[in-house]
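**Q** Submitted below is the structure of interest, expressed as C-alpha cells.
What follows draws every value from the coordinates through simple rules; no lab data is involved. All figures in this text were calculated on a predicted structure; none of them were measured in a lab. Every residue, glycine among them, receives a Cβ derived from its backbone with ideal geometry; neighbour counts consider all protein chains shown.
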Amino acid sequence: MIRLIEVCELNKASKNLAQTYALREVYINPKHVVSLREDDNIKRKLNEGMFLPELDESHCFTRIVLDKGHNGVELIVVGAPHTIQEKMEGGKGELLLG
C-alpha cells in the first residue's frame, strides 16, 4: 500500500469553490492501478485561484484509475504521473503491470 493525498469534492452545490474541494490521505494498492494520467482540469482551477489555498501553481495532479471488478474507481491525487509511478514502484524502476 502507498500513501497519497487525494483531492476530493465536498459539495458540488457550493458557489464558493474554495469550500468545494478538500485534501485527504488515501492508501492504495499499486497492483490495482489501471492507468495514470495528468489532470489538467484540476491544474487549471488551481492556476485560476479557484480552490485549495494550501496548494500553489507548481503542484501537478494525477487521475488514477483503480480496478474494482466490473467498474473502475477514479481518484485525483496531488503529484505528477511520473512521481506517482515512482512511488508505486518503490524506487525499483520497474514497469507497471497491465
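**Q** What ratio of Cα Rg to 2.2 N^0.38 Å holds for the stretch 2-89?
**A** Normalised Cα radius of gyration, the stretch 2-89: 1.10.
**Q** Between residue 5 and residue 48, what FRET efficiency comes out of the Förster formula 1/(1 + (r/R0)^6) with R0 = 22 Å and r the beta carbon distance, rounded to 0.05?
**A** Computed FRET efficiency for residue 48 and residue 5 comes out at 0.60.
**Q** For labels at residue 56 and residue 31 in the simple 7 Å Cα→Cβ model, what's the distance in nm?
**A** Label at residue 56, label at residue 31, 4.0 nm between them.
**Q** Working out 0.36 nm times the residue gap between residue 74 and residue 41, then minus their Cα-Cα distance, what length gain in nm do you get to one decimal?
**A** Extra length from residue 74 to residue 41 when fully extended: 10.4 nm.
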